[in-house]
Amino acid sequence: MSCKPSQVVHGQWSNRLTYVLAATGAAVGLGNIWKFPYIMGENGGGAFVLVYLACIAIIGVPVMIAEVYLGKQGRQSPMRSVARVVQENKSAPAWRFVGAMGVIAGYLILSFYAVVAGWALAYVFKAAGGGFAGASPAYLQDTFELFVSSPVQLLSWTSIVLIVTVVVVAKGVQNGLEKATRFMMPGMLVLLLFIVGYSAVYGDFTAAFNFMFAADFDKLTTESVLTALGHSFFSLSLASGIMIMYGAYLPKNTSIIKSSIWIAIADTCVALLAGLAIFPIVFAFQLEPGAGPGLIFQTLPLAFGQMPGGRLLGSLFFIMLVFAAFTSAIALIESSVAWLIESKGFSRVQAAIAAGFGLWLLSLLSIFSFVGHDWTRLALFGTSHSLFEWIDSLTANVMLPLGGFFISLFVGWKVAADRLNGELNINTKQLTVLRVLLQFICPLIILLVFLNLIGVL
Ligand code: TRP
């Protein structure tokens, strides 16, 4: 593979702010609003939140800096950017797999992400049509189960999500990705703040606050620590190619360190705000906080069906979710599109269509898992799960932490300190802190969590 700098230029963000907005858009998604509240609920609340925050600060931020650095150096898709840094530093060619693994993880994630984004889209219409008004829990559960067991419904909504994603990505970095994030991200934030305000007034804010911030360490298991770690990677969109990819489009004068810290803060704030939007309603209506993936699709609509202005609020909530999911979906597909352009000589439009079609096929695995077809159940390591569950845990619990592990090691040990500093422009003390984090602390923590889980420790 030849990896001369920028033979193919995909584009560049117009300015620093657009980069931060787009990268935050990639980070903020279903992970923050759909997944974080329900896994927090399943793992007992407060203590989990603390571990999660620690994972973001100690591991997430350094790994994000490392990824953006790789992208900014390479200026191409993750595979080629990493290959270039490998070549520059004369490291073993095997390190190239770090880039490839990210792109594969991103692709796998999008295969179920697009399906869940499709649920959100469908629920905008259900909410706006007044379908929740006065509904009982059993009715809402049935509605959800009926919906996710209909292949036609799932296929249609997933296809819509993928088609819109392909259209936006086909338009390129500035005309597609940037334009979409510019209106969706602020829109999402305004809607979220509005719903938090509403929840504070009409919901049980104190109960929600206590649930989220009162740490009960008894409820914390090794598995929940791994979940927190995996989710911090998932939520920051790490180890899935994108931070390398978006880093490749970085304008020259952007500070990698500052922008990474801002992105992490913004992502974490949105996740906490999503908790503060959802749990006050959950507690006010005595619903079950640990309801799992159905939390926002079965539990919340109950509240929307009973509260004043619930029809409007419900619609706004799902529109917000669609915006959040969409700015992530376009990010998830971008690295495979860039790779097809560079390596296979595709035009951007062809690449977007090809990547989108591949994803559509792959999304069938998740769709049929939800529908409940027998062939999607797979028994491995003594447990039987659906393919969706396998893909979800393979990516979040294995590929992302492992990707982060190797990215830290690679940038920590294989990239020469002066090269790193040439790009990051920090003082010697800060550089040492970053390198120690990447060389020892991050890989070690990830390793310990892993070994502990598989019972070695
Ligand atoms: N961070 C996204 C979320 O919280 C999910 C995600 C993981 C992602 N990896 C990604 C999004 C890569 C875009 C690109 O929902």
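State all residues of region 324-341 that are open to solvent by 10 Å² or more (accessible area, probe 1.4 Å) and within 17 Å of Leu236 (Cα to Cα); if no residue qualifies, say none.
From region 324-341, those open to solvent by 10 Å² or more (accessible area, probe 1.4 Å) are 326, 332, 336, 339-341; that's our starting set.
Answer for region 324-341, where residues must be open to solvent by 10 Å² or more (accessible area, probe 1.4 Å) and within 17 Å of Leu236 (Cα to Cα): Phe326, Leu332.
Within region 414-428, identify whether any single residue is open to solvent by less than 50 Å² (accessible area, probe 1.4 Å) and acidic (Asp, Glu), and answer yes or no. So far as region 414-428 goes, yes, one or more of its residues are open to solvent by less than 50 Å² (accessible area, probe 1.4 Å) and acidic (Asp, Glu). Within the option set Thr227, Thr254, being hydroxyl-bearing (Ser, Thr, Tyr), within 16 Å of the ligand (Cβ to nearest atom) and in contact (Cβ under 8 Å) with a residue 12 or more places away in the chain holds for one residue only, Thr227.
Which of the residues belonging to region 40-54 are open to solvent by 10 Å² or more (accessible area, probe 1.4 Å) and at pLDDT below 90? Talk me through it step by step, then tell me what you get.
Here is the first cut: in region 40-54, the ones open to solvent by 10 Å² or more (accessible area, probe 1.4 Å) are 41-44, 50-51, 53-54.
Those that are open to solvent by 10 Å² or more (accessible area, probe 1.4 Å) and at pLDDT below 90: Gly41, Glu42, Asn43, Gly44.
Close Cβ contacts (under 6 Å, 6 or more residues apart or on different chains) running from residues in region 315-338 that are in contact (Cβ under 8 Å) with a residue 24 or more places away in the chain and within 14 Å of Trp157 (Cα to Cα) to residues that are near the ligand (Cβ under 8 Å from one of its atoms) and open to solvent by less than 10 Å² (accessible area, probe 1.4 Å) comprise Ala325/Gly29; Ala325/Leu30.
Out of all the residues in region 313-320, is one or more within 15 Å of Leu189 (Cα to Cα), assigned to a helix (DSSP H, G or I), in contact with a Gly (Cβ under 9 Å, 6 or more places away or on another chain) and within 16 Å of the ligand (Cβ to nearest atom)? Yes: region 313-320 contains one or more residues that are within 15 Å of Leu189 (Cα to Cα), assigned to a helix (DSSP H, G or I), in contact with a Gly (Cβ under 9 Å, 6 or more places away or on another chain) and within 16 Å of the ligand (Cβ to nearest atom). Taking region 231-251 as the search range and keeping residues that are within 13 Å of the ligand (Cβ to nearest atom) and of a type in the set (Gly, Ala, Ser), which one is farthest from Gly172 (Cα to Cα)? Selected residue: Ser232. The test for being in contact with a Ser or Thr (Cβ under 9 Å, 6 or more places away or on another chain) and touching a residue at least 40 places away in the same chain (Cβ under 8 Å) does not hold for Arg84.
Looking across region 203-228, just one residue is surrounded by fewer than 18 Cβ atoms within 10 Å (Cβ to Cβ) and within 21 Å of the chain's Cα centre (by Cα), and that is Glu223.
The values are calculated or read from the model by the stated rules, or taken from the named source; none is laboratory data. Treat the numbers as computed from the prediction; the structure is a model and nothing was measured. Backbone-built Cβ (ideal geometry, glycine too); neighbour counts: all protein chains shown. We work out accessible area using only protein heavy atoms, side chains counted, and drop any ligands, DNA or RNA first. Shrake-Rupley method; radii C 1.70, N 1.55, O 1.52, S 1.80 Å.
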